[in-house]
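Only one structure is covered here, and it is reproduced in the block below.
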Amino acid sequence: MFSTALAYPTRRFVLRLAGGAAVLMAAAPRAALGQTGQPVKIAAIGAGREGSALGALFVKAGHPVMFSSRHPEQLKDMVAGLGPLAKAGTVAEAVQFGDVVMLIVPYGAVAEIGKEYAAALAKKPLVLDITNAVAPRDGEDTVKRVEEQGGIGLATAKSLPGAKIVRAFNAIGAGQLAGLANRQPDPVGVPIAGDDQAALALASRLIKEIGFEPVVVGGLAMGKYVTVRTPLAGVHTPAEIRQIAATLK
């Protein structure tokens, strides 16, 4: 004779099982993002020279990429030339599309993007911050404000609360990227900075897949060096990046 409690599970027990299954189902796609060779949907907020060059490398590596701007119709020729993995859309469409979001805009636009999309970006496993604050374009006041917040990594984090941010590709010119990818025998290093370990791991995987060698130089506080006009700017080997990073605080 068996217990009716075993034969007829309680409603609470059934709901608990269903909830656990839902969590596992939701976690499965995210876990797959860490697997080398698994396509990752990438959104580029900003499709200028840097965004276009990086997006093209990700498409070449087999990742679907949505390039976005305020005028996505102007991107049709570019995405057509990249093949079926590339598409164009609005910023809102790109944020919805991407598992990973690349932020590649003039720095003055970061706060505006944060006001509208911070909640959505906080749910992404990775936001690649490829922005820089430079006085000729963004203004002296913006550069000063970034410095007062502890540097650009921490400033971006303040504009995008909760986002899993990794700074990368901030000081290699767009025109150099395609030629430097997969350089042998000495691969080009890419300094990266972030506080979230899973985001750093995913960023590292994606950077390797487009032919560069990621080098973690620290948390977002070190992001102030992952930008232009710093010792880490320019083209370096991974060993050179480690040596330079060891001298910075």
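The values are calculated or read from the model by the stated rules, or taken from the named source; none is laboratory data. Because the structure is predicted, anything quoted here is derived from the model rather than measured. Note that each Cβ is placed from the backbone with ideal geometry, even for glycine, and that neighbours are counted across all protein chains shown. Please note that ligands, DNA and RNA were not included when accessible areas were found on the heavy atoms of the full protein model with its side chains. Shrake-Rupley method; radii C 1.70, N 1.55, O 1.52, S 1.80 Å.
General observations
Each row is one residue, and each column tells you yes or no for (1) out of contact with any Pro (no Cβ under 9 Å at 6 or more places or on another chain); (2) among the basic types (Lys, Arg).
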| site | (1), (2) |
| --- | --- |
| Leu126 | yes, no |
| Arg183 | yes, yes |
| Gly189 | no, no |
| Ile192 | no, no |
| Ser204 | no, no |
| Ile210 | yes, no |
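- Within segment 227-246, being of a type outside the set (A, V, I, L, M), without any contact (Cβ under 8 Å) to a residue 60 or more places away in the chain and closer than 27 Å to Leu160 by Cα holds for Arg229, Thr230, Pro231.
- Set Pro214, Pro187: member being in contact with a strand residue (DSSP E or B) (Cβ under 9 Å, 6 or more places away or on another chain) and over 13 Å from Arg242 (Cα atoms): Pro187
- Looking at Lys249, Lys224, just one residue is open to solvent by 20 Å² or more (accessible area, probe 1.4 Å), in contact (Cβ under 8 Å) with a residue 60 or more places away in the chain and closer than 26 Å to Gln149 by Cα, and that residue is Lys224.
- Selected residue (criterion: nearest to Val217 (Cα to Cα)) from residues of segment 144-156 that are part of a helix (DSSP H, G or I) and open to solvent by 30 Å² or more (accessible area, probe 1.4 Å): Leu154
- His236 satisfies every condition listed in (1) open to solvent by 10 Å² or more (accessible area, probe 1.4 Å); (2) closer than 20 Å to Met102 by Cβ except (2).
- Residues in segment 45-72 that are over 13 Å from Glu93 (Cα atoms) and part of a helix (DSSP H, G or I): Arg49, Glu50, Gly51, Ser52, Ala53, Leu54, Gly55, Ala56, Leu57, Phe58, Val59, Lys60.
- Ala22 meets the stated requirement of being open to solvent by less than 60 Å² (accessible area, probe 1.4 Å), modelled with pLDDT under 95 and not in a loop (DSSP other than H, G, I, E, B).
- Residue ID - most open to solvent (accessible area, probe 1.4 Å), chosen from residues in segment 80-122 that are free of Cβ contacts under 8 Å to residues at least 60 places away in the same chain and closer than 16 Å to Val166 by Cβ: Ala122
- Residues in segment 162-171 include at least one that is surrounded by 21 or more Cβ atoms within 10 Å (Cβ to Cβ) and more than 21 Å from Phe58 (Cα to Cα).
- The single residue among Glu93, Glu112 that is over 22 Å from Arg137 (Cβ atoms) and more than 16 Å from the chain's Cα centre (by Cα) turns out to be Glu93.
- Selection of segment 172-212 for residues being farther than 20 Å from Leu126 by Cβ, open to solvent by less than 10 Å² (accessible area, probe 1.4 Å) and free of Cβ contacts under 8 Å to residues at least 40 places away in the same chain yields an empty set.
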